[in-house]
Amino acid sequence: MPPPQSTASAMNMIAALLEQRSGQQIAANRAWRIETALKPILRERGLANLDELVAQLVAARSGELGDQVVDALLNQETSFFRDAAVLDAVGDAVQEMRHQVSDRRLRIWSAGCSTGQEPLSLAMLFAERGMGDGLCAPEIVATDLSPAALARARSGKFSQFEIQRGLPVRRMMTWFDSQGGDWVAKHDLVRRVQFRQHNLTADPAPPGKFDIILCRNVLLYFSPAMRRTVFDVLSSAIRPGGLLVLGAGETVIGQTEHFTPSERFRGFYRAAIPSLHTSRAAAAG
Amino acid sequence: MKTCLVVDDSKVIRKVARHILETLDFEVREAGDGREALDSCLDTPPDVILLDWNMPVMSGMDFLRALKDSGLPTRPKVVFCTTENGMAYIRAAIEAGADEYVMKPFDRETLESKLQIVGVA
Ligand SMILES: C[S@@+](CC[C@H](N)C(=O)[O-])C[C@H]1O[C@@H](n2cnc3c(N)ncnc32)[C@H](O)[C@@H]1O
């Protein structure tokens, strides 16, 4: 007899776990993906269906199984130089900011960096534009919720499939070594990025203020309320006048007062500069 | 509409490539070996050539050399396809004048990304 199918209530519980831990919602018409994504975990544990998995989740003392489930359900799709024109514009913005700030390194936060292609692309771009070392090299902090994605990012190891998505061959020859069928980023590239685990919906922002924050293709599946909370976190981490970069098709409009469309850089958002009035009030209060 | 010349001795691979390229709005021409490809280029140069590297009649390397010597006023962009991914191998092809490379088998997204990189998509 084939094992009984997973029930809708088990799927709902797993979707709820994902949303609670990550803010990510799964649309009803994509619920079937849950079972597909969790197949390897079911197989590994000898479980017949999601109901049995839920039973283990409830019984488990540590959160380890929960972490594993959440990790498997996160959409970690990314590529090198994704929306290349946008990253070029980030390079332009950094060059412009350098004219105003010369006494410290600029700071960039790649929030929701997945397996690292986004921050590594930025590091290549900066180095190629003569902003690779010393004071003029921006500091790049890259964070993600998923420990598995971060471990891969830190290893700098990419499959042939991943490497040829978006990465021009000359850059590949400069910054990567071939190893078996894979490609490994040179230490000189990986060292330019600080990878850290961070949950946008639960943790305070990484310390210090950032000049530019990229949070691309992360907020798509958040509820409006959760998005608002995340914009608050991003706003707490950005310098007044700093730039926020979202994914294609994502916007802040109607969702936060902390950011407004940048006039100088199309598609980017400028962090509000507190007026004298409000900063005085803040200082007083 | 941009034109792409697909050069491969395998009819099946040409067919797959044609299918993908047509969904990307390319006009597609085919050649079964390097000589045919060279004739086709001299006749009407395409915008880009998807070039198999290991062909029996005229290798990809020989084709690139012949193309260079042919005196075409503007050289089409060349994306070479291969099943090998050693660094030395890729470097040799780039030094011979290829602009990009793609590993076989490739999917639509990968090919599109390479065509964007060489500036034709
Ligand atoms: C689709 S990827 C986008 C990667 C990259 N920014 C890009 O645009 O190519 C989304 C990433 O966001 C991460 N993520 C999802 N929810 C998160 C949260 N609450 N906190 C931090 N990262 C999260 C996922 O683990 C995943 O790696």
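The values are calculated or read from the model by the stated rules, or taken from the named source; none is laboratory data. Small disclaimer: the values here were computed from a predicted structure and weren't measured. All Cβ positions, even for glycine, are placed from backbone atoms using ideal geometry, and neighbour counts span all protein chains on display. Side chains included, ligands, DNA and RNA excluded: accessible areas come from the protein's heavy atoms. Shrake-Rupley method; radii C 1.70, N 1.55, O 1.52, S 1.80 Å.
Listing for the model above:
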{"item": "Sequence-distant residues sharing a close amide H with B:TYR101 (under 5 Å, placed H)", "result": "A:VAL169, B:PHE80"}
{"item": "Loop-resident sites, the range A:127-179, for trypsin sites (Lys or Arg not before Pro), counting at most 15 other Cβ within 10 Å (DSSP)", "result": "A:ARG129"}
{"item": "Longest DSSP-loop-exposure-free segment, GluC sites (Glu not before Pro), chain A, at most 15 other Cβ within 10 Å", "result": "A:78-256"}
{"item": "Assigned charges on the beta-carbon of Lys, Arg, Asp, Glu; the protein assembly as shown dipole about Cα centre (debye)", "result": "1020 debye"}
{"item": "Kirkwood estimate for the range A:143-242, i.e. one over the average of 1/r between Cα atoms, Å", "result": "15.7 Å"}
{"item": "Built amide H within the under 5 Å cut-off of B:MET58, gap 5+", "result": "B:GLY34, B:ARG35"}
{"item": "A:MET172, A:MET226, ranked by accessible area, largest first (probe 1.4 Å)", "result": "A:MET226, A:MET172"}
{"item": "Mean Cα-pair separation over length for chain A, i.e. relative contact order, pairs under 8 Å, 6 or more apart, %", "result": "16 percent"}
{"item": "Buried solvent-accessible surface, both chains (A, B), 1.4 Å probe, Å² to nearest 100", "result": "1400 Å²"}
{"item": "Chain B: relative contact order in percent, alpha carbon pairs under 8 Å with at least 6 residues between", "result": "23 percent"}
{"item": "In order through the range A:198-209: 3J(HN,Hα) via Karplus (6.51 cos²θ - 1.76 cosθ + 1.60), integer Hz, x for Gly, Pro", "result": "7, 9, 5, 8, 10, 9, x, 4, x, x, x, 9"}
{"item": "For chain A, calculated [θ]222 nm from helices alone, where every DSSP H run of n ≥ 4 adds -39500 (n - 2.57)", "result": "-13000 deg cm²/dmol"}
{"item": "Under 5 Å, built H, 5+ apart or other chain: amide partners of B:GLU27", "result": "B:LYS2, B:THR3, B:CYS4"}
{"item": "Chain B - mean residue ellipticity at 222 nm from DSSP helices (-39,500 (n - 2.57) per run, n ≥ 4, rounded to 500)", "result": "-13000 deg cm²/dmol"}
{"item": "Residue-by-residue Karplus 3J(HN,Hα) for the range A:217-230, coefficients 6.51, -1.76, 1.60, Hz, glycine and proline x", "result": "6, 10, 8, 3, 9, 7, 5, x, 5, 5, 4, 4, 4, 5"}
{"item": "Flagged links, alpha-carbon separation over 29 Å, of B:LYS2/B:LYS104; A:LYS39/B:LYS15; A:LYS186/B:LYS2; A:LYS157/B:LYS2", "result": "A:LYS39/B:LYS15; A:LYS186/B:LYS2; A:LYS157/B:LYS2"}
{"item": "Over the range B:1-90, equivalent-ellipsoid semi-axes from the Cα gyration tensor in Å", "result": "18, 17, 12"}
{"item": "Euclidean distance of C-alpha centroids, the range A:198-215 and the range A:65-101, integer Å", "result": "13 Å"}
{"item": "Average accessible area per residue (Å²) across the range A:84-277 - probe 1.4 Å, nucleic acids and ligands excluded", "result": "42 Å²"}
{"item": "Dipole axis of chain A (+1 Lys, Arg; -1 Asp, Glu on Cβ), positive-most option in A:SER159, A:LEU135, A:GLN197", "result": "A:LEU135"}
{"item": "HN-Hα J in Hz across the range B:103-111 - Karplus 6.51, -1.76, 1.60, θ = phi - 60°, x for Gly and Pro", "result": "7, 8, x, 10, 10, 4, 4, 5, 5"}
{"item": "Equivalent ellipsoid semi-axes - Cα gyration tensor, the protein assembly as shown, angstrom", "result": "42, 31, 19"}
{"item": "Cα lying deepest toward the dipole's positive end in the protein assembly as shown, options A:THR36, B:LEU38, B:THR82, charges on Cβ", "result": "A:THR36"}
